[in-house]
């Protein structure tokens, strides 16, 4: 029984390593990288006041690079959820991708799909 579990585990790990070879180039690599990365974004249903407070905290911390959400930046938006999610993720990234750095008083969550959109690329 233990040998069967070990073989199954070995096959699974081998398939993860071979996945980029079996798929076409960039798509496979992006899928593999995205599967192992994490991002910090705003939880649904947060108030505008809380989101603005999160932006101010993240961008004022010195750990987050918030240039992209400035008025002429690629992530600038009138959608406060998008702005807050970018700022919160920039803080999470700048602080070292530790779960505690994506807490924001319970208003954030960690996701494993890249929230980047259009020209707005999340770190």
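Here, each number is a calculation from the coordinates, and none is a lab measurement. This structure is a prediction, so every number in the text was calculated from the model and none was measured. All Cβ positions, even for glycine, are placed from backbone atoms using ideal geometry, and neighbour counts span all protein chains on display.
Remark: the Cα gyration tensor places region 38-123 in the rounded category, a/c being less than 1.5. Note on residue 95 and residue 49: their simple-model spin labels are 2.2 nm apart, each label 7 Å out from Cα toward Cβ.
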